Every structure is written in C-alpha cells, then in structure tokens.
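Since the structure comes first, as structure tokens, the remarks are kept for the end.
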Amino acid sequence: MNNDLMSLRERQPLYIQAIDAITQMIESGQLRAGAQLPPENELASKLDISRSTLREALRYLETHGLIARRQGIGTFVSIPTGPGFFGGLERLEPFRYLARIANKKYSLVQKTVETVKASQRLAALMSSKPDLELVRVQTIEAIDGIPCVYFDDYFVNTQGLTEKLANYSDSALVYMFKDCDPPLTHTRSEIFAIEVPADVAANLEIPVGKPVFHMEETYFSAMGEIIGVGLSYFVTDRFRFYVTRRAVRPTI
C-alpha cells in the first residue's frame, strides 16, 4: 500500500481515514471490482489502525455498497449493478462526501441565503413561535452534472449569521458540525415519499409530480438544543437508500 494513502492521518476520526484509504485503493485500481480485500489483521496493520476501527470502516463501506462480505470466504469489492449510488441514512454526512465515497463527480449547482419569517410548520418543527426571523439556506447539488438533491435549511437568525452563511465555503451540515456552539450531534427525522411540488421540481429540473424522497429533520446539539431545521428532497432514480437494522430477540 502507498504510504500516501494514510497522509489522511491528520483527519479525524480514524475510521473515516480508513474509509478514505480503502476507497482510494478502489478508485486507483489497486483493488478492482470483484477483488478480495486482504485479511482484517493484515489490512489493519497496513493502515496502522485497530481491527475494531477497521471493522467500523468496513461496516460503513458495506452499507454504502462498495464492498460485500461472504461469510466464511472473505470481503470483496462490489461490482456496480445499476445507476446512482448507495446512501446510508444512519450517519449525518455531507452530500459531497457520500458522492466521493461512491466515486461520483460532485458539484454545487446553486446556493442562496436569505432571511425569512417562520411559517406555522417551521415554527412547530423548531418549537418556536410563528414569524420568528430565520436564515434560510437553499442549495442544489449534483452528481455527474445532474441535479439530484435540494437542501432547504433554516436557522434562528443571530447577528451576522446571514452574511456568514452566505460566505460560508462548505455546506450547512458542515457549519453545524464545526461552527455551532454546541455542535450538531443528532437529528429527529421524518421520511416521506412525495410527489414533487412545482417549486422543488423547478430547482431539480424534473417534472412536477415526480416521486421524490423527502426528509424533514430537526437538528439537535448534545444538550438537546434545536440548532435548526432541514427539508431535503432527493431524486429517487439517482439513489438506493439503505438502513442497517439490528435484530432484537423478543422477550416474550
């Protein structure tokens, strides 16, 4: 393995470094589709991480469709089987990162920032009163040049926040991770399949009424404080979403 792969050591956490390193091996052709990964102890040693950290990285890669495990045989690089890419719902991660992991070309199509008054619906999601002044951040993002996700995020307006978010070079999600005090730790999400309304259809350049995957999320800090609210719309023929569900033995 090229030692440059672990120049990502400066990043945190370690399992993300391992994901990046293994993904780069796949993208560079060191590990081709269908190839078997080295045994866990050997791979962990090469990456200079523990086997538990490696297993966390491998779980992520399996959830996102980059690898497949065959019990009693080994772990293999997955062979692509269709358009779009896999997306896990159990982790909060920037869309551009998911695209990079899936070896897709990411681009930001449009970003707008404005101040608005909270609607009844937004007020309910934020546990606030209607007409509270919010900063609204709308972004349209694409993979392989095709608009496929529209993020519509709202934050309680504070002095200078509108200008800060307008000039922020990364996503609203990264802002909540890095610049909110306290930072984002989790969300409460509702998930729907809806017929896309006209305004969202125009943003995503798709027909009105086309089915889209829609999430309404309330963003929370570790203290339980509401940081903001996000409305997300995903074009369904560009994604295959997965959720890992663990079996729990009935007590009855």
Against the conditions (1) in contact with a Pro (Cβ under 8 Å, 6 or more places away or on another chain); (2) modelled with pLDDT under 85, where does Phe85 fall short? Just the number, please. (1)
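Kindly check whether there is at least one residue in the stretch 123-132 that is touching a Cys at 6+ places or on another chain (Cβ under 9 Å), outside any helix (DSSP H, G or I) and of a type outside the set (Asp, Glu). Lay out the reasoning, then the answer.
Going residue by residue through the stretch 123-132, those that are touching a Cys at 6+ places or on another chain (Cβ under 9 Å) are none.
No, the stretch 123-132 has no match at all.
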Is at least one residue of the stretch 110-125 touching a helix residue (DSSP H, G or I) at 6+ places or on another chain (Cβ under 6 Å) and at pLDDT below 95? no
Please return the ranges of strands (runs of 3 or more DSSP E) entirely within the stretch 192-244 where 3 or more residues are crowded, with 16+ Cβ neighbours inside 10 Å. 211-221, 226-235
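Against the definition (of a type in the set (D, E, K, R) and closer than 26 Å to Arg59 by Cβ), how does Glu141 come out, yes or no? So that I can check it myself, show each step before the final result.
Details: of a type in the set (D, E, K, R): yes; closer than 26 Å to Arg59 by Cβ: yes.
It is true that Glu141 is of a type in the set (D, E, K, R) and closer than 26 Å to Arg59 by Cβ.
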Among the residues in the stretch 191-199, are any of a type in the set (Gly, Ala, Ser), more than 17 Å from Ser127 (Cα to Cα) and out of contact with any strand residue (DSSP E or B) (no Cβ under 7 Å at 6 or more places or on another chain)? yes
Taking the residues in the stretch 63-78 that are surrounded by fewer than 10 Cβ atoms within 10 Å (Cβ to Cβ) and assigned to a loop (DSSP other than H, G, I, E, B) as candidates, determine which candidate is modelled with the lowest pLDDT. Gln71
Out of Leu231, Leu161, Leu165, I need the residue that is within 15 Å of the chain's Cα centre (by Cα) and assigned by TED's automatic domain parsing to the domain that holds Lys104. Which one? Leu231
Does Thr139 count as of a type in the set (Ser, Thr, Tyr) and either assigned to a strand (DSSP E or B) or surrounded by 17 or more Cβ atoms within 10 Å (Cβ to Cβ) (or both)? yes
Applying the selection to the stretch 143-161, what residues are at pLDDT below 95, surrounded by fewer than 22 Cβ atoms within 10 Å (Cβ to Cβ) and assigned to a strand (DSSP E or B)? Ile146, Pro147, Val156
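The values are calculated or read from the model by the stated rules, or taken from the named source; none is laboratory data. Keep in mind that what you see is a predicted model, and the values were worked out from it rather than measured. We place every Cβ from the backbone using ideal geometry, glycine too, and count neighbours over all the protein chains shown.
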